[in-house]
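One structure below.
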Amino acid sequence: MNKYLAELIGTFWLVFGGCGSAVIAAAYPELGIGFAGVALAFGLTVLTGAYALGHISGGHFNPAISIGLWVGGRFDAKDVGPYILAQVVGGILAAFTLYIIVQGQAGFAGVAGFASNGFGDLSPGKYSMSSALIIEIVLTAGFLIVIMGATDKRAPAGFAPIAIGLALTLIHLISIPVTNTSVNPARSTAVALFAETAALSQLWLFWVAPIVGAILGALIYKGIAGQQQTK
């Protein structure tokens, strides 16, 4: 059970840290951290979480990553389902905790979008469904390539969490205006449950696109890396 608990805690950390920065700190009067700060926060959650828990569970914290690593031959099929369940539960617990916290602000008037993902009217930049689908697939594929490359036995040892965390930061810097950045179905599900918008009706895209992207990224890496071995 330790590896499932590690995935639950790691995903809690990712959602609480990343989405918490967006909900609480992004537009705080005069001291808001903005898109760049939120992007960095997501990257830091993965970097720190991977160093803290990666040696226990692999540090996936993301259903799409678990599926992609399974396709890439880096993960046992029997653990895919339990990992996804642990990740979704961890994300929901984080979103619930954040929901309780924000209600304590003076003059609280609702959570609005609650850092949820979306397209069309729910996109920060009002981007279309096709734009959202493409960018989520492309960026998740790139994320998988970075993860598989950084954790390849031939890569420099000990630096994988840094590369992975910086990759997630870059992903957010690119795509926050388009979808508010998912590349992680657990993250999208967690906050959509509490958002005061139609985020749940668009949640399907933030499962389909990251999973498709993760599978493509895994296949691309396997194709170019040759006879790689896992650590």
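The values are calculated or read from the model by the stated rules, or taken from the named source; none is laboratory data. On a predicted model such as this, the values are computed, not experimentally measured, just so you know. Cβ: placed from backbone, ideal geometry, glycine included. Neighbour counts: every protein chain shown. To get the accessible areas, we keep the full protein, side chains included, count just its heavy atoms, and leave off ligands, DNA and RNA. Shrake-Rupley method; radii C 1.70, N 1.55, O 1.52, S 1.80 Å.
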Is it true that residue 109 is open to solvent by less than 50 Å² (accessible area, probe 1.4 Å) and hydrophobic (A, V, I, L, M, F, W, C)?
-> no
Looking at region 157-173, which of its residues are open to solvent by less than 10 Å² (accessible area, probe 1.4 Å) and not in a helix (DSSP H, G or I)?
-> none
May I ask you to say which residue of 5, 14 is modelled with pLDDT of 95 or more, touching a Gly at 6+ places or on another chain (Cβ under 7 Å) and either farther than 23 Å from residue 105 by Cβ or surrounded by 24 or more Cβ atoms within 10 Å (Cβ to Cβ) (or both)?
-> 14
Select from region 54-73 the residues that are part of a helix (DSSP H, G or I), open to solvent by 30 Å² or more (accessible area, probe 1.4 Å) and within 17 Å of residue 161 (Cβ to Cβ) and list them in ascending order.
-> 55, 56
Being part of a helix (DSSP H, G or I) and of a type in the set (Phe, Trp, Tyr) is the filter; apply it to region 96-113 and report the residue that is farthest from the chain's Cα centre (by Cα).
-> 99
If residue 176 satisfies every condition in (1) in contact (Cβ under 8 Å) with a residue 40 or more places away in the chain; (2) open to solvent by 40 Å² or more (accessible area, probe 1.4 Å); (3) more than 13 Å from residue 143 (Cβ to Cβ) but one, which is the exception?
-> (2)
So which residues in region 114-154 are part of a loop (DSSP other than H, G, I, E, B), buried (at least 17 other Cβ atoms within 10 Å of the Cβ) and in contact with a Pro (Cβ under 9 Å, 6 or more places away or on another chain), if there are any at all?
-> 118, 123, 127
Can you pull out the residues in region 181-211 that are closer than 25 Å to residue 10 by Cα, surrounded by fewer than 18 Cβ atoms within 10 Å (Cβ to Cβ) and among the aliphatic types (A, V, I, L, M)?
-> 193, 200, 208
